[in-house]
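Here the structure is laid out as structure tokens; the discussion comes afterwards.
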């Protein structure tokens, strides 16, 4: 296998909250898909998960903080939909910033691991 074919290592950020709640890249990706599609079900489909699972993750996110990340509307003339709150937008921004900070802080060590691991 050529060196360019070997996937590089990268740190993954996950924040563990009390009571087994977790914040990681999956929930943040779900928020990003909701922002892009305006729909919890479309966001779930984009991540190959059921509407029920997507809704459970949104509910978990909304329960983890003092403000909701997502608000939704039921049916009606315009149909249903979901939107990120300003808090949800800020949560994405801060999580992505934390990921970048982590990658930068660990860059030399991750590079060393990559150079010294077996294929």
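Taken over region 44-64, the residue count meeting the criterion of being free of Cβ contacts under 8 Å to residues at least 12 places away in the same chain and touching a strand residue (DSSP E or B) at 6+ places or on another chain (Cβ under 7 Å) is 1.
Among the strands (runs of 3 or more DSSP E) contained in region 5-119, which hold 1 or more residues that are under 16 Å from the mean Cα position of the chain (by Cα), surrounded by fewer than 11 Cβ atoms within 10 Å (Cβ to Cβ) and at negative phi? Give the steps one after another, and end with the answer.
Details: elements: 14-16, 22-24, 70-73, 81-84.
Counting at least 1 such residues, we get 14-16.
Looking across region 24-46, the residues that are out of contact with any helix residue (DSSP H, G or I) (no Cβ under 7 Å at 6 or more places or on another chain) and closer than 16 Å to residue 92 by Cβ come down to 24, 25, 26, 29, 35, 36, 38.
Each reported figure results from applying straightforward, stated rules to the coordinates on display, with no laboratory input. Treat the numbers as computed from the prediction; the structure is a model and nothing was measured. Note that each Cβ is placed from the backbone with ideal geometry, even for glycine, and that neighbours are counted across all protein chains shown.
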